[in-house]
Amino acid sequence: MYGLTESDLDIQRRAAAFADELIPFEVTAELNAGELPDGAAEKHAARARELGLCATNMPAELGGGGCSTLQQVLVQEQAGRVTNALGWVVSTPPSWLPSVATADQLDRYVRPTVRGERGECYAITEEGAGSDVAAIEATARRDGDSYLLSGTKWHVTSFNTADYTFFQAVLDGGPHHGEHAMFFVDLPSPGVSVVRTPAYAHTTSHHHPIVSFDNVRVPAGNLVGAEGDGMSFAYEWFRFERLMVAARCLGAAGRLTEEMTAFAGERQAGGRPISEYGLVGAMLADSLTELFAARALTYETARSIDWGADVKVSHAQCSMAKLYCSEMAGRVADRAVQVFGGRGYMRENVAERFYRELRVERIWEGTSEVQRAIIAGQMVKRGPAALA
Ligand SMILES: Cc1cc2nc3c(=O)[nH]c(=O)nc-3n(C[C@H](O)[C@H](O)[C@H](O)COP(=O)(O)OP(=O)(O)OC[C@H]3O[C@@H](n4cnc5c(N)ncnc54)[C@H](O)[C@@H]3O)c2cc1C
């Protein structure tokens, strides 16, 4: 199916088997604020690396998987079958980084991240700048051989586990005054502190705190790329991550479709399996139909990137995949809760967990409204036929 090659199927099988190993830990995580017993998360991370499922997007010469975009999608799809972010051990450093990192940055950040020795987080969003990244107010000021970074960042995912963060700021002074730049900031660093750690709808060991950067001094060598490059990294990151959000949503919807179909075939009401009631059958049928459409869209988008599609076309197609898959998965999770009835409202049930967890897929990496704006903009510029 889907014209997958033997090597595509091989990595897909490895990822699926690994997801099956993680699934039994979900309820423990759910009932323990996302945490697993001592050492379990580390074991999972080591196993993911041993199976060749990490850094699939990194070139082989840096120790990465050197996988095609389609293979990266296949791996993330399987990671998406698991709740409570347990699948995040299947990690991928930013795909744009090797092409702009200096030799020193490759040694200090990229290679250790590929090896799983260091982990990153992203400090970009601010209280007044989310969808509109250009509106950030954090500043970076050159001071001799260093920069001084200041600002308060919101929703910094995995700050509690990260060894360094990417920090995006507006340059204050110098030839690129007012333009954006991105920096590596080691964690901990003097001047970096957690303002507070809010609770979110999902239950994961990865926190999303509000973090203050107060005159944090970093060496000039921590500038990523050149002054003024900051926004271009954000766009490239969004393209990659939106496609991977789509992939993980396929995995979630696939798992939910399996689980609700099995339940509907077994659960008796009024003397027959509930799957025999047309209203329940319709929920199953709609879910699988939408999943099939979403998967075809996502795989085709990945393939066209592998074939070297125009980057603007890929940008719009990644937005379409992210938009459709995240909304599809939300509908599937809603139906799954309904099919499970009262059981679907229990936190020990996968449908309940995904019902909460999938909501953010329509918000982060660009909201559904932002994706629609991107798609519509490209339709007007290039014509619908160029995009689909
Ligand atoms: C759990 C979680 C984890 C996150 N992790 C990170 C992280 O690690 N690093 C990081 O930097 N950020 C992170 N984010 C931030 C995330 O990317 C933003 O929340 C998201 O981009 C939306 O920005 P906002 O919350 O400021 O909403 P806003 O931009 O204020 O949007 C509010 C509403 O207005 C709509 N809207 C805004 N602009 C437009 C427009 N032009 N057209 C139409 N509608 C519009 C939006 O669609 C939305 O409905 C995370 C968020 C969450 C919830």
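What do you reckon, is Y345 away from the ligand (no atom under 16 Å from the Cβ) and surrounded by fewer than 20 Cβ atoms within 10 Å (Cβ to Cβ)?
Yes; evaluated as a whole, the condition is true for this residue.
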For region 292-313, does any single residue satisfy the condition of being under 28 Å from S232 (Cα atoms), at pLDDT 95 or above, within 15 Å of the ligand (Cβ to nearest atom) and in a helix (DSSP H, G or I)?
no
Take the conditions within 17 Å of E327 (Cβ to Cβ), surrounded by fewer than 21 Cβ atoms within 10 Å (Cβ to Cβ) and either among the charged types (D, E, K, R) or more than 9 Å from the ligand (Cβ to nearest atom) (or both) and apply them to A376. Does it pass?
yes
Go through region 207-233 and give me each residue that's under 30 Å from N32 (Cβ atoms) and either open to solvent by less than 40 Å² (accessible area, probe 1.4 Å) or free of Cβ contacts under 8 Å to residues at least 40 places away in the same chain (or both).
H208, P209, I210, V211, S212
Which residue, of A85, A135, is within 13 Å of the ligand (Cβ to nearest atom), more than 26 Å from L53 (Cα to Cα) and not hydroxyl-bearing (S, T, Y)?
A135
In region 18-29, is there at least one residue being in contact with a strand residue (DSSP E or B) (Cβ under 7 Å, 6 or more places away or on another chain), open to solvent by 10 Å² or more (accessible area, probe 1.4 Å) and more than 18 Å from G116 (Cβ to Cβ)?
no
Return yes or no: is A169 surrounded by 17 or more Cβ atoms within 10 Å (Cβ to Cβ) and either within 24 Å of I23 (Cα to Cα) or in contact (Cβ under 8 Å) with a residue 24 or more places away in the chain (or both)?
yes
Near pairs, Cβ below 9 angstrom, 6+ apart or cross-chain, from region 270-296 (at positive phi) to any residue that is outside any helix (DSSP H, G or I)
G270/Y277
Scanning region 295-338 residue by residue, those of a type in the set (A, V, I, L, M) and open to solvent by 10 Å² or more (accessible area, probe 1.4 Å) turn out to be A296, L297, I305, A309, V311, V313, M320, L323, V337
Strands (runs of 3 or more DSSP E) fully within region 144-249 counting 1 or more residues that are aromatic (F, W, Y)
146-153, 164-171, 180-186, 210-219
Is it the case, given these coordinates, that D132 is within 22 Å of V211 (Cβ to Cβ) and open to solvent by 60 Å² or more (accessible area, probe 1.4 Å)?
yes
Counting only residues that are polar (S, T, N, Q) and under 21 Å from R353 (Cα atoms), which one in region 256-288 is surrounded by the fewest Cβ atoms within 10 Å (Cβ to Cβ)?
T261
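The values are calculated or read from the model by the stated rules, or taken from the named source; none is laboratory data. Because the structure is a prediction, the values reported are computed rather than measured. Counting neighbours? That spans all protein chains shown, and the Cβs are built from the backbone with ideal geometry, glycine included. Heads up: the accessible areas ignore ligands, DNA and RNA and are worked out on the full protein's heavy atoms, side chains in. Shrake-Rupley method; radii C 1.70, N 1.55, O 1.52, S 1.80 Å.
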